[in-house]
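K.L.:
Pasting in a structure now, in structure tokens, and then I'll have a few things to ask.
The values are calculated or read from the model by the stated rules, or taken from the named source; none is laboratory data. Computed from a prediction, not measured in an experiment: that's the story for all the values here. A quick note on method: Cβ atoms are made from the backbone with ideal geometry, for glycine too, and the neighbour counts reach across all protein chains shown.
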């Protein structure tokens, strides 16, 4: 058995929720895109085997509004987003292609700044931008600037990542505090009378993944960067694909007070908020502590924590346990609380 | 986080849960209604039912504004939004509520200008910025949100903004509580009284529950410790044979309510003779409309509002769930045709709705197959 259920796409039209990374996105990809393109195993990054070495190949596009926000900008996201898709496939990022869709009227200054942001982020992430394409559309059709990047990376031969290799008893490792990016964007739009000292967490996660592979490769089962839809959505996908349960320890999940506060006020769940510089790793129990230490030893990794455990039942379900002995289901994101977050 | 963590302290929560178990008489059943949707959400989000003894059952009341809004009013609003000269604004909760024409989100995807706002003042600002368009605020909510609508209308009048109107769907909680108490299938032992509503109306309006119906009411906050303490207070009253209105949420709720908010409401609104509540039917004097002095800002006076009446989908049992006769999962559509993503009934839409809360936080089997 490959998939527990066949997803059908019956929606009459595309709505913002189809781009939110939650249930509707999944329906679109699994119910329409994958069947037509004829590949049941479409994933964020594909693996191609060529002459004995394994390459990871991925693409991502960026439509964030506003273009600049505390802690980053669309150019930086466009590099890190694609680099991170490669990294969590266990691949060392090597090269990127970058496609720019520019709206007539975009200030040359803004474009220059974003190109510099791309260059700088690529340098930090250790990848080269080796080509791309540029198109211009009429004023009013593209909100300034959209960027699409594709990337290629070399899969580390020591790892074998798959939902099917996850086992009950495995530990859930989270690289740092969650929700910073999504809440930063929300506040940067200035539509709410809320302010907080918060910045996007956008960064390449490859240094952390590299450290994990170095210290705990045999115990490394599965990784994902929880962007749109947040940690809850990534883990629900895993629970469903692996047909296992995932228990989270609510009081172990690192969340900044600014993020918690904004979520309390707005009625959002931090587990549904997008991240751009974090990842989740599922680790065999005997490697969990080593893996945690490896992450913490990397600069920027001090907030890494073990936040949960894989169990047998209820299969397909993510739930969260409070510090006082009660529990609740943690579902995928439904709808789209924050459109165009990346 | 200050003012939150204190009320989620595991040790104190454990102590309150133990006290509830000690006070609950094992030979009887306790059926307690939390009136307010915010409480329903908290109860599920914090998994509080796990901490209660088995003979203590929480019934989810009608205090979820989206849930009690009849489908016809949604269609009325969507029809207005079909006019390209109109910007329809609403709280986020409203965006996925289905009418017969679809949800506001679907209408928006088809090109209608429907925008989510966090406050009616944001809608008024939109009107200022778009003088050539008509901005309509789809107002919903109990006494919690009605004062902010009232203040917005007062400001619109003072500033002379003419392209802003309010489609008023504000309702009041007390007539709904009375309707539930009058219902022949009522089997409740006590109420966890609304928290946010009470910050406006105070505790006095609930006295009829204790005096006429002999049921205790405890006005409660929203944190786990608040709710558990309220249950302790209810159990103490029942054990001592008392039926009174008590205030657990004293740090926020003044006994007499908020006079300024009440005054603003009185200046702008008057009671409708009757209003339809989803699941509960027509309840007299249970909703607000704009006073004639505000007719210029009243969507119903300025535009043609058809007053569409839509009966609920036959198989959906929203009414029974809303009255506490059925549990969410006992509805025939629950988790099948009706899910938070594709809601049939409004109880599945709002995170304060009993069905959505139950589905999101408790319901386990469904998540395996996802859709």
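K.L.:
Taking the options B:243, B:264, name whichever one is at pLDDT 95 or above and over 26 Å from residue B:182 (Cα atoms). Quick ask: steps written out before the conclusion?
P.N.:
Details: B:243 fails: over 26 Å from residue B:182 (Cα atoms).
Only one candidate passes the filter, namely B:264.
K.L.:
Right, here's the next one. Of all residues in the range A:262-289, which are within 12 Å of another protein chain (Cβ to nearest Cβ) and surrounded by fewer than 19 Cβ atoms within 10 Å (Cβ to Cβ)?
P.N.:
Initial filter on the range A:262-289 (within 12 Å of another protein chain (Cβ to nearest Cβ)): A:262-272.
Selection gives A:264, A:265, A:266, A:267.
K.L.:
Does residue A:155 count as more than 16 Å from the chain's Cα centre (by Cα), over 16 Å from residue A:235 (Cβ atoms) and buried (at least 20 other Cβ atoms within 10 Å of the Cβ)?
P.N.:
Values: more than 16 Å from the chain's Cα centre (by Cα): yes; over 16 Å from residue A:235 (Cβ atoms): yes; buried (at least 20 other Cβ atoms within 10 Å of the Cβ): yes.
Against the criterion (more than 16 Å from the chain's Cα centre (by Cα), over 16 Å from residue A:235 (Cβ atoms) and buried (at least 20 other Cβ atoms within 10 Å of the Cβ)), residue A:155 qualifies.
Per-residue answers, yes or no, for (1) under 19 Å from the mean Cα position of the chain (by Cα); (2) within 19 Å of residue A:182 (Cβ to Cβ); (3) at pLDDT 85 or above; (4) surrounded by 14 or more Cβ atoms within 10 Å (Cβ to Cβ):
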{"position": "A:29", "(1), (2), (3), (4)": "yes, no, yes, yes"}
{"position": "A:34", "(1), (2), (3), (4)": "no, no, yes, yes"}
{"position": "A:37", "(1), (2), (3), (4)": "no, no, yes, no"}
{"position": "A:62", "(1), (2), (3), (4)": "yes, yes, yes, yes"}
{"position": "A:84", "(1), (2), (3), (4)": "yes, yes, yes, yes"}
{"position": "A:92", "(1), (2), (3), (4)": "yes, no, yes, yes"}
{"position": "A:97", "(1), (2), (3), (4)": "no, no, yes, yes"}
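K.L.:
Give the residues of the range A:297-318 that are farther than 30 Å from residue A:77 by Cα and within 14 Å of chain B (Cβ to nearest Cβ), sorted by residue number.
P.N.:
Hits for the range A:297-318 are A:311, A:312, A:313, A:314, A:315, A:316, A:317.
K.L.:
Go through the range A:319-337 and give me each residue that's within 7 Å of another protein chain (Cβ to nearest Cβ), touching a strand residue (DSSP E or B) at 6+ places or on another chain (Cβ under 6 Å) and farther than 15 Å from residue B:360 by Cβ.
P.N.:
Passing the criteria: none in range.
K.L.:
Please report, ordered by residue number, the helices (runs of 4 or more DSSP H) entirely within the range B:281-371 with at least 2 residues that are within 12 Å of chain A (Cβ to nearest Cβ), in contact (Cβ under 8 Å) with a residue 24 or more places away in the chain and under 28 Å from residue A:15 (Cα atoms).
P.N.:
Values: elements: B:299-302, B:318-322, B:354-361.
Output list reads B:354-361.
Matching residues to (1) within 11 Å of chain A (Cβ to nearest Cβ); (2) touching a residue at least 60 places away in the same chain (Cβ under 8 Å); (3) more than 16 Å from residue A:264 (Cβ to Cβ); (4) within 22 Å of the chain's Cα centre (by Cα):
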{"site": "B:4", "(1), (2), (3), (4)": "yes, yes, no, no"}
{"site": "B:12", "(1), (2), (3), (4)": "yes, yes, yes, no"}
{"site": "B:15", "(1), (2), (3), (4)": "yes, no, yes, no"}
{"site": "B:24", "(1), (2), (3), (4)": "no, yes, yes, no"}
{"site": "B:28", "(1), (2), (3), (4)": "no, no, yes, no"}
{"site": "B:39", "(1), (2), (3), (4)": "no, yes, no, yes"}
{"site": "B:43", "(1), (2), (3), (4)": "yes, yes, yes, yes"}
{"site": "B:48", "(1), (2), (3), (4)": "yes, yes, yes, yes"}
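Yes or no, residue by residue, for (1) within 26 Å of residue B:83 (Cβ to Cβ); (2) touching a helix residue (DSSP H, G or I) at 6+ places or on another chain (Cβ under 7 Å); (3) buried (at least 16 other Cβ atoms within 10 Å of the Cβ):
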| site | (1), (2), (3) |
| --- | --- |
| B:246 | no, yes, yes |
| B:251 | no, no, no |
| B:268 | yes, yes, yes |
| B:279 | no, yes, yes |
| B:282 | no, no, no |
| B:297 | yes, yes, yes |
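Okay, residues lined up against (1) buried (at least 20 other Cβ atoms within 10 Å of the Cβ); (2) within 24 Å of residue A:125 (Cβ to Cβ):
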| position | (1), (2) |
| --- | --- |
| A:165 | no, no |
| A:171 | yes, no |
| A:176 | yes, yes |
| A:184 | yes, yes |
| A:197 | no, no |
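K.L.:
Find the helices (runs of 4 or more DSSP H) located wholly in the range B:95-210 whose residues include 1 or more that are closer than 18 Å to residue B:61 by Cβ, modelled with pLDDT under 95 and more than 14 Å from every other protein chain (Cβ to nearest Cβ), and list them.
P.N.:
Helices (runs of 4 or more DSSP H) meeting the threshold: B:173-182.
K.L.:
Now, a different point. Inspect the range B:68-88 for any residue being modelled with pLDDT of 90 or more and within 14 Å of another protein chain (Cβ to nearest Cβ) and give the result as yes or no.
P.N.:
Checked against the condition, which is being modelled with pLDDT of 90 or more and within 14 Å of another protein chain (Cβ to nearest Cβ), the range B:68-88 yields no hits at all.
K.L.:
With closer than 30 Å to residue B:184 by Cα and touching a strand residue (DSSP E or B) at 6+ places or on another chain (Cβ under 8 Å) as the only criterion, which of B:249, B:274 stands out?
P.N.:
B:274
K.L.:
Is it true that some residue in the range A:281-292 is in contact with a strand residue (DSSP E or B) (Cβ under 6 Å, 6 or more places away or on another chain), modelled with pLDDT of 95 or more and under 24 Å from residue A:79 (Cα atoms)?
P.N.:
yes
K.L.:
For the subset of the range B:271-280 comprising residues that are more than 30 Å from residue B:333 (Cα to Cα) and part of a loop (DSSP other than H, G, I, E, B), which member is farthest from the chain's Cα centre (by Cα)?
P.N.:
Across the range B:271-280, the extreme among qualifying residues is B:273.
K.L.:
Restricting attention to the range A:245-254, report how many residues are surrounded by fewer than 21 Cβ atoms within 10 Å (Cβ to Cβ) and more than 18 Å from residue A:325 (Cβ to Cβ).
P.N.:
Final tally of qualifying residues: 1.
K.L.:
Moving on. Consider only pairs whose beta carbons are under 8 Å apart and that are at least six residues apart or on different chains; among these, list those whose first residue lies in the range A:1-18 and is within 9 Å of chain B (Cβ to nearest Cβ) and whose second residue is in a loop (DSSP other than H, G, I, E, B) and modelled with pLDDT of 85 or more.
P.N.:
A:4/A:243; A:4/A:316; A:13/B:110
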